[in-house]
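Scroll down for the structure; my scribbles are underneath it.
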Amino acid sequence: MIRVLAGWRPAFGALLLAALACCVIIIRDAAQVGVSWATSYDGLDPGSCVGRNVGVLAETPLLAEGRQRIGTLKLRFSPNCSTSWGQVVLTAAAEKNTLGRFIEVTAIRPVDNRVTVSETELHGGPLGRYVFGNELGASPCVEVQARLLAGNGRPAGPLAQTACEGLPAAP
């Protein structure tokens, strides 16, 4: 009988270890349930909270039909409000050639699938080179997308997209 019980020790140890690992995974996953990533700035204009320390986390070219570069999509952030948003800066040539078209800027927070979309008609002029999307709380990360739309609202170029980036660590 003692010999039979001695054979159970390794099996019992393995079973106990597996049960503990399972509990750790369940506790870790339960910690994520009920977490709200929403902020009071979600969906607002970036002017609602910018401060002086606004920075750029990522950028990518914005193209029109024929893969002609018309500007740059930037993933901007504010450490003051822990928010991110998209900004399109058009080239000087595109500023004149895109009058009456629209720029659609989308911000996405994948952790909770929160999305904000803004469409801006291009009117030209020095301020018309800058198009801003709406803010999202940047925890844990946000990505932005933009595309040029024709006057009828259909895509007039490929989708530009940044990687999902979180706020930089505080110094």
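Extension gain for the segment Thr60 to Lys96, taken as residue separation times 0.36 nm less the Cα-Cα distance, is 10.9 nm to one decimal. Extending 7 Å from the Cα toward the beta-carbon at both Val115 and Val89 defines two label points whose distance is 2.8 nm. Here Arg67 and His123 are evaluated by their C-beta separation; at R0 = 30 Å the FRET efficiency comes out at 0.75.
Bear in mind these aren't lab numbers, they're just calculated from the coordinates by the rules spelled out. Since the model is a prediction, treat every value here as computed from it, not as a measurement. As a convention, Cβ positions derive from the backbone with ideal geometry for all residues, glycine included, and neighbour counts pool all protein chains shown.
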